[in-house]
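Any read-out appearing in this document is the output of simple, stated calculations on the displayed coordinates, not a laboratory observation. The structure displayed is predicted, hence computed values, not measured ones. Counting neighbours? That spans all protein chains shown, and the Cβs are built from the backbone with ideal geometry, glycine included.
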Amino acid sequence: MPADPMGFLDAEIAQLKAQGRFPRLRILEGAQKPVSIIDGKKVVNLTSNNYLALADHPALKQAAKAAIDKYGVGTAAVRPIIGTMDIHQQLEKKLAEFKGTSAALVFQSGFTVNVACCQSLMSDERDLLISDELNHASIIDGARLAKAQRKIYPHKDMKALKVLLESPQARQARRQMIVTDGVFSMDGDIAPLPEIVDLAEKYGAFVMVDDAHASGVLGRNGRGSPDHFGLTHRVPIQIGTLSKAIGAVGGYVAGSQSLRDYLVSTARPFIFSSSHPPSIIATCIAALDILMLEPQRIEKLWSNTRHFKEGLQALGFDTGASETPITPVMVGDTVQARKFSARLFEEGVFALSICYPIVAKGKDRLRTIVSAGHTAEDLDFALEKFGKVGREIGLL
Ligand SMILES: *Cc1c(COP(=O)(O)O)cnc(C)c1O
C-alpha cells in the first residue's frame, strides 16, 4: 500500500499541537454579549470586537427580520450580475455620507475588501505598495496577490517611510500606495496619519487606511481615524469593516466615485463572489443610524476604556502602546500568557492570550477589548480577577 497521500494533515496538526499553536475553538452559547456564556461558563467577555454592543441590539435584529420578509434570505447573484438590491445601494450611500466621501462600495468582509483594493490598485510590476510591518493579515495577503513591488517599513517609523519614498525604486514607480491600519489590532495604537499623509503628498503617493478597529470607535460619531485627525479629504481610500463595531459582517471602501467605478470593474471578489444577504445589509443600515443618533454609546465605550485601562495600570500591569479600547496586558512569555488566560477563565473572565508567532517573540500578551455594554461592576469584577491571577502567577 502506498503511503496515505493526505497523511500530512495529521502529521502537521500533531506538530502544531506540540508547539502549542493549535487553536481551540471556544463555543459561545447565545448572543455575543459583554457577559457571555462561553464553553458553558458565564464570563465577562473581554475578547470580542463588539465595541458598541450592537451585535444583539433590538433595532438591528428587527431590521434584519423585516428585510428577510421583504427581500428574502439571499441575493443568489454576484453584484455586477443581479446581486445589487436597492438596499445595497442605500447602505453604500449611507457609508459614503458617514465617511465624508462621494462614494462607497461594500464587500463580503473586511478581509476581502483589503485583498481586493491591494490587488486592483497595485496591478503592475511598475507599482509600489508600501506597508507598515504590523498591518493586518488581509493587507499582507492582498500585497501578495498584487503584482506590485512591495516594501515594508518598521512599525510607524516615519523616517524609514521617508527613506523608502525617496528611493530610486519609488521615484521610478508608476503608482505608489502607502497602506496602514488606522488602529493596530494587536497593540491598540493609532497610526501617525498626519505624517503619513504629508509624506504621501510630498512624494506623489496615495494612502489607504484600514479602519477596521477605528470605525465606530474614533472620530466624530465613530467616523474613523482620518476624521479623528481632520484628514478626511487627504486620505483617498478609507477601508472599514461591518463585522466589528457595526455588529454584523462585511467590509467597505469609501472614497471617490472614480475609485468606486474602478473597483466595480476590476475587483475580483466584487465581480466573482455573491453579495450580502439583505438582512445583513439592513442590519448595517440600522447600525449606522444608531452611530449618528446615539454618540453617547461611543462616549461610554471610551469611558469604559479609560476606567479599565487605568485600573490595569494601577494594579501594575504593562498595557503597552495602547491608545484605544484594544488594551494588551503584556506578559512576555507564551506559557505564562496561556496560563494567565486559562486561570482568568476559571475565575469568570475571558481574555484571550495572543502569543508568538502572531506577535513577536517576547511580546506574548492577553488582549482585552471592553465594550460600551460593560457595566462598571463587570469591569471592576474583571480588574479584581486580573489582580488576583496576576499575583498568583507572579506577574505582579
Ligand atoms: C478584523 C480586521 C479585518 C478583517 O475584517 P473582517 O470584516 O472581519 O473580515 C481587516 N483589517 C483589520 C485591521 C482587522 O482588524
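How many lysine pairs in the range 58-293, separated by 8 or more positions in sequence or lying on different chains, have Cα atoms less than 21 Å apart?
Pairs that pass both the separation and distance tests number 16.
Most mobile of Ile298, Ile358, Ile285 per a Gaussian network model of the chain (Cα springs, under 10 Å)?
Ranking Ile298, Ile358, Ile285 by mean-square fluctuation puts Ile358 first.
Rounded, prolate or oblate for the chain? Axes are the square roots of the Cα gyration tensor eigenvalues, ordered a ≥ b ≥ c, and the cut-off for rounded is a/c under 1.5.
Taking the square roots of the gyration eigenvalues as a ≥ b ≥ c, the chain is rounded.
Provide the gained length on full extension for the span Ala376 to Ala18, in nm with one decimal, where the gain is 0.36 nm per separating residue minus the Cα-Cα distance.
Roughly 124.9 nm would be gained on extension.
Which peptide among 59-70, 9-20 comes first, and what is the full order, when sorted by highest mean count of other Cβ atoms within 10 Å? Write out the running numbers ahead of the final one.
Details: 59-70: 15.9, 9-20: 10.4.
Packing proxy ranking, top to bottom: 59-70, 9-20.
Taking the highest mean first, how do the peptides 116-122, 210-216, 266-272 order by number of other beta carbon atoms within 10 angstrom per residue?
Working: 116-122: 25.0, 210-216: 31.0, 266-272: 17.1.
The most tightly packed comes first, giving 210-216, 116-122, 266-272.
How far is it, in nm, from the label point at Arg343 to the one at Arg306 when both lie 7 Å from their Cα along the line to the Cβ?
If labels sit at Arg343 and Arg306, their model points lie 3.2 nm apart.
Would you mind getting me the FRET efficiency between Ala59 and Gln172? Use the beta-carbon distance for r and R0 = 56 Å, nearest 0.05.
Given R0 = 56 Å and the Cβ-Cβ separation, E is 0.60.
For Ile152 and Ser256 in the same chain, what is the full-extension length gain: residue separation times 0.36 nm, less their Cα-Cα distance, in nm?
Extra length available between Ile152 and Ser256 comes to 34.8 nm.
Select from Leu28, Val209, Ala286 the residue farthest towards the positive end of the dipole of the chain; place +1 on Cβ of Lys and Arg, -1 on Cβ of Asp and Glu, and compute about the Cα centre.
It is Val209, whose Cα lies furthest towards the positive end.
Cross-link candidates for Lys339: which aspartates and glutamates have Cα within less than 19 Å, leaving aside residues fewer than 8 places away along the same chain?
Candidates past the 8-residue exclusion: Asp39, Asp318, Glu347, Asp364, Glu384, Glu392.
Within 13 Å, Cβ to Cβ, of Ile280, how many net charges do the neighbouring residues add up to if Lys/Arg are +1 and Asp/Glu are -1?
Result for the local shell: +2.
Is there a quick way to get the dipole size of the range 8-51? I mean about its Cα centre, with the Cβ of Lys and Arg at +1 and of Asp and Glu at -1; what is the value in debye to the nearest 20?
Computed about the Cα centre, the dipole is about 220 debye.
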